[in-house]
Amino acid sequence: IQWYPGHMAKAQKQIKERLKAVDLILEIVDARVPESSINPMIQELGQNKPILLIMNKADMADPRRTQQWIETFKKRGITAIALDAQHKAKLPMIEKVAQEILAEKLAKKRAKGIRNPVIRAMCVGVPNVGKSTILNRLVQKNIAVTGNRPGVTKNQQWLKAGQTLELLDTPGVLWPKFEDPTIGSKLALTGAISDAIYHPDDVVIFALEHFKEYYSSQLQKVYKVTDAELEEPAAELIMILTKRLGFKEDYDRFCVKFINDARQGKLGRFTLDVVPVEAS
Ligand code: GTP
């Protein structure tokens, strides 16, 4: 997806409309970039409805930082959970936490005589964070919920996604943050922004600096980077590694390979959003 202002405005309007019908917003982010992949406008779009932040792809993220981010979000008043949507056993956690977030509202409904109050939710998130994967794995045999369910436009359905959880049948694709080139590099490396709008060398320079500082042993293992080479600036290291891999002076080829390696988990687990000092 290429995001142009007109496109963004349209997506914004549609998602706002659809979110009117939900009790809870399931915002999916990539656990490797939990802060950078949050949509800047979700609170406003959701008209301050409760949000459950799902840090997906936790299997690819740095587990220590994942835990620190969960605590950081908690301090900011946001409930976040780590998830690996590929492992089905963890999925029921979403419903459980959703019930906790909405406990007061559900209790009120029970007091009014509704025995099993339903939670209606919608998955939203920037591209490639795993929205469809989560949705498909949560919904049980694609059973549409029939009966009177107001607030949804004609072509949409609620799907049963748990004992009390119902999900809108299509996730909302949100636009990423653009304001800062560092965020752009992070989102490119994890695949949330399309290949056409970034330069591989910018992304890899950023990523190599980050890996040198925090994940140097992974660089040493995968690309046989020596201790001395770790002292080199990233641009220099790109030249060294391009040669080492037999790509001669084709630096772009190395950069593209590096990005693919990172996306495929070949560089090991990493998190690019550094946890703010007060939380660590
Ligand atoms: P868009 O349609 O682009 O908005 O993507 P999406 O957010 O719906 O993501 P999708 O579910 O298509 O997943 C993107 C890729 O990530 C797929 O290749 C999934 O298999 C993979 N994926 C999803 N969840 C996880 C996860 O928890 N761990 C890992 N390792 N991969 C995941």
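The values are calculated or read from the model by the stated rules, or taken from the named source; none is laboratory data. All values derive from a computational prediction rather than experimental measurement. Reconstructed Cβ throughout: ideal geometry from the backbone, glycine too, with neighbour counts over all protein chains shown. When the accessible area is computed, the model is the full protein with side chains, heavy atoms only, and any ligands, DNA or RNA have been set aside. Shrake-Rupley method; radii C 1.70, N 1.55, O 1.52, S 1.80 Å.
Under a 5 Å amide H cut-off, with hydrogens placed 1.01 Å from N, Asp84 pairs with Ala58 among residues at least 5 apart or on other chains.
Applied to segment 50-58, the Karplus parametrisation 6.51 cos²θ - 1.76 cosθ + 1.60 on θ = phi - 60° returns per-residue 3J(HN,Hα) values of x, 10, 10, 8, 9, 8, 8, 6, 4 Hz, with x for Gly and Pro. Residue ranges 158-165, 85-92 sort as 158-165, 85-92 when ordered by packing (mean number of other C-beta atoms within 10 Å per residue, highest first). Compared with the rule-of-thumb size 2.2 N^0.38 Å for a compact globular protein, the chain has a Cα radius of gyration ratio of 1.11. Dipole magnitude for the chain: about 1980 debye, using +1 per Lys or Arg Cβ and -1 per Asp or Glu Cβ, origin at the Cα centre. Dividing the summed -39500 (n - 2.57) terms of all DSSP H runs of n ≥ 4 by the residue count of the chain sets its mean residue ellipticity at 222 nm at -12500 deg cm²/dmol. For Leu159, nonlocal amide neighbours, meaning residues 5 or more places apart or on other chains whose placed amide H falls under 5 Å from its own, are Val145, Leu167, Leu168, Asp169.
Remark: the Lys13-Ile101 segment gains 29.1 nm on full extension, using 0.36 nm per residue and subtracting the alpha carbon distance. What percent does the relative contact order of the chain come to when contacts are Cα pairs within less than 8 Å and at least six residues apart? That works out to 22 percent.
The reciprocal of the average 1/r between distinct C-alpha atoms defines the Kirkwood hydrodynamic radius, which for segment 199-279 equals 12.9 Å. Derived scalar couplings between HN and Hα for segment 81-95 equal 10, 8, 9, 10, 5, 6, 9, 4, 4, 8, 5, x, 4, 4, 5 Hz in order, rounded to whole Hz, by the Karplus curve 6.51 cos²θ - 1.76 cosθ + 1.60 (θ = phi - 60°), x for Gly and Pro. Annotation: amide H-H contacts under 5 Å for Thr271 (H modelled 1.01 Å from N, sequence separation of 5 or more, or interchain): Asp62. When the Cα positions of Gly184, Ser194, Thr242 are compared along the charge dipole of segment 151-264, Ser194 comes out farthest toward the positive end, with charges on each C-beta of Lys, Arg, Asp and Glu.
Karplus-derived 3J(HN,Hα) values for segment 120-127, using 6.51 cos²θ - 1.76 cosθ + 1.60 with θ = phi - 60°, are 9, 9, 9, 7, 9, x, 5, x Hz; glycine and proline are entered as x.
A protection proxy built from the mean count of other Cβ atoms within 10 Å ranks the segments 261-271, 57-67, 100-110, most packed first, as 57-67, 261-271, 100-110.
By the Kirkwood approach, averaging reciprocal distances over each pair of separate Cα atoms, segment 1-160 gets a hydrodynamic radius of 16.7 Å. Overall, segment 199-279 carries a charge dipole of about 580 debye about its Cα centre when +1 sits on the Cβ of Lys and Arg and -1 on the Cβ of Asp and Glu, all other atoms neutral. Comparing Val256, Val29, Val129 in a Gaussian network model of the chain, where Cα atoms under 10 Å apart are tied by springs, the biggest mean-square fluctuation is seen for Val256.
With all protein chains present, how much of the accessible area of the chain (probe radius 1.4 Å) comes from carbon and sulfur, to the nearest whole percent? C and S fraction of accessible area: 51 percent. Of all the options Glu27, Glu231, Glu166, the one that moves most in a Gaussian network model of the chain with Cα springs shorter than 10 angstrom is Glu231.
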